[in-house]
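Everything on this sheet refers to the single structure shown next.
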Amino acid sequence: MGRFICSTPAFDSKSGQFILLLLLVITASFFAGTFFGRNSSNSPLIPSSPSSESSGTLRFSNKITLTHRKSPIIIPETGMNICPMEFNEYIPCHDPSYVKELSPNFNHSKREELERHCPPLERRLFCLIPPPDDYKMPIKWPTSRYYVWRSNVNHSRLSEVKGGQNWVHRRVNCGGFQVVVPILNMELVNIFRGNMVTNETGDLRSAGVYQVLDVGCGVASFSAYLSPLNIQTMSFAPKDGHENQIQFALERGIGAMISALATKQLPFPANSFEMVHCSRCRVDWHENDGILLKEINRLLRSNGYFIYSAPPAYRKDKDYPVIWDKLMKITSRICWKLIARKVQTAIWIKEDDVACLQQNTEQNLINICDSADNNINKPSWKIPLKNCVTLDTAGANSQKLPPIPQRFSVYSESLNDIGMTQEKFLLDTLYWQDQVHEYWRLMNVDYSEIRNIMDMNALYGGFAVAFSTWPVWVMNIVPATTNDTLSAIYERGLIGAFHDWCEPFSSYPRTYDLLHAYHLFSHYGNNKDGCLVEDIMLEIDRLIHPQGFIIIRDHESIILRIRDIAPKFLWEVKSFVLEDQQKQSEPVIICRKKFWAIV
């Protein structure tokens, strides 16, 4: 009998009655095979040995063997090798065995072990990551907001660790199935009630909050709560002992990535969020002269909020009062104002107070960052944390940003600084609206098939804006080897991160429904080890879930190369021709990852 994970937000008795009714409907529908859908009985299978045969079952010649990256790259005639089953959750730059080897060299007091540590090429796997046993196609949005298949995120430790925080409850009986139930902690709801920073309805948008950073997000229930409010949330947490919380969030259809606040800047631009949220996020904000709070100060827009829900904000025992005093001193030095301290939550506002910062600098309480650190064209990628405070010269502009959805069409100073004129901006926006509709026509799938989308070379965010009215979310990735267009993307009300595709991305396997690679391969030139065509294709295959789509636009020579080797990655390929922005014909391929499994 199938197993699934289901999750429900618990707010009041009416919600509980609704959830119980919904469970009964879902259970009945499951047996009818109509609610979630089932894996096709003739799903393609990879045999456990090349010679095995089965009547009526499609089988491939790919071999199951542990293979590492070598130079030059040679793909076997039988197709890409398949990694053994124990690597079904492989994340190259968060590999526990490799991190353990490096451990003696880490500064553990600063949690350096939680950051990205990519192995050298010869240590990276070069084989396709298999799905786990009994893997099922992810449940469709919005049902996935509350329910996910247990077999897809089969980690009971997640419920054991998070259960005490009321984020994940494991129940043995939910319509006859074993389930895990993520629940939004009730104290988080207190942020929205009691008129702490909002109106009486608790709507954060009345406080100008449209983009939120959730630090140590757990299973991203905070983001799930904000989603119906049309508030964009970038959620992140380290890959640690909680096990697979980010995988759980992405399986739910909620934007999240693996990351950690430790020794380097987060891969987001300055002045990008109106709120940063920490609920028991296990970050020692009071340590190391408050350097982590100074990183949050970099990310917050002027008049943005820092929400802190943790024991030092309300408990008077142990060392909590000492920690609270340290927090108050640090926040005072960086000129944050404590505006609320109720229930278990404290809220600070980052005021636009340059005079305060200059005065504290003169008293040697803080350091102001050098002007070179404010270079708008410099992506925050692998940059060490700086024990200084940036003067928010963009504060006045940040206050003028309109609400969403009007923000999607904003032409910002960030675009002007990188040479994007207002006319080009408008043409780019219209172009991607047209292209997205063309993509959907060519893919020929129902809207409900797609939820998690990544634009691997997001440029100015036009692709994501074209999806703004659809029930999807888009992770906008700006390569760290280009100028910082991500600042403009955030000013448009979108979310994303910097990344260098010469390294694997910080996410679990099978976490995206659609990947869009617009001139990504030609950007890297296919001449650097680690980001050759085959390297990026392998990473795409790791990120996309079975039956997920990959749209690739690039130079004809690159398209021909990918089309030639895609079947060896077990991708179906269809070729098309669309117009580029200069109205010239451009080759496009749409690939679909086959549903296969080790048997």
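By a 1.4 Å probe calculation restricted to protein chains, residue 556 has an accessible surface near 120 Å², given to the nearest 10. The amide H of residue 264, built 1.01 Å from its N in the peptide plane, has 385 as neighbours under 5 Å, considering only residues 5 or more places off or on other chains.
In µm²/s, what is D for the stretch 236-280 at 25 °C and 0.890 mPa s, where D = kT/(6 pi eta Rh) by Stokes-Einstein and Rh is the Kirkwood radius from Cα pairs?
Value of D from the Cα-based Kirkwood radius: 203 µm²/s.
The largest accessible area among 240, 564, 529 belongs to the first residue in 564, 529, 240, and the rest follow in falling order (1.4 Å probe, all chains). Shape descriptor for the stretch 411-553: Rg over Rh equals 0.95 (Cα atoms; Rh from the Kirkwood inverse mean 1/r).
Taking all protein chains together and a 1.4 Å probe, the residues 577, 465 rank 577, 465 from largest to smallest accessible area. Ordering of 537-546, 415-424, 249-258 by packing is 249-258, 537-546, 415-424, highest average first (other Cβ atoms within 10 Å, averaged per residue).
Rounded to the nearest 10 square angstrom, residue 134 shows an accessible area of 80 square angstrom against a 1.4 Å probe. For the stretch 529-589, the fraction of 1.4 Å probe accessible surface lying on carbon and sulfur atoms is 46 percent. Taking Cα centre as origin and charging only the Cβ of basic (Lys, Arg, +1) and acidic (Asp, Glu, -1) residues, the dipole magnitude of the stretch 202-255 rounds to 120 debye. Protein-only accessible surface at a 1.4 angstrom probe places the residues 282, 407 in the order 282, 407, largest first. Surface analysis of the stretch 393-530 yields an accessible area of 36 Å² per residue, using protein heavy atoms and a 1.4 Å probe.
The values are calculated or read from the model by the stated rules, or taken from the named source; none is laboratory data. Note that this is a predicted model, so its numbers are computed, not measured. Glycine also receives a Cβ, built like all others from the backbone with ideal geometry; neighbour counts cover every protein chain displayed. Accessible surface areas use protein heavy atoms only, side chains included; no ligands, DNA or RNA. Shrake-Rupley method; radii C 1.70, N 1.55, O 1.52, S 1.80 Å.
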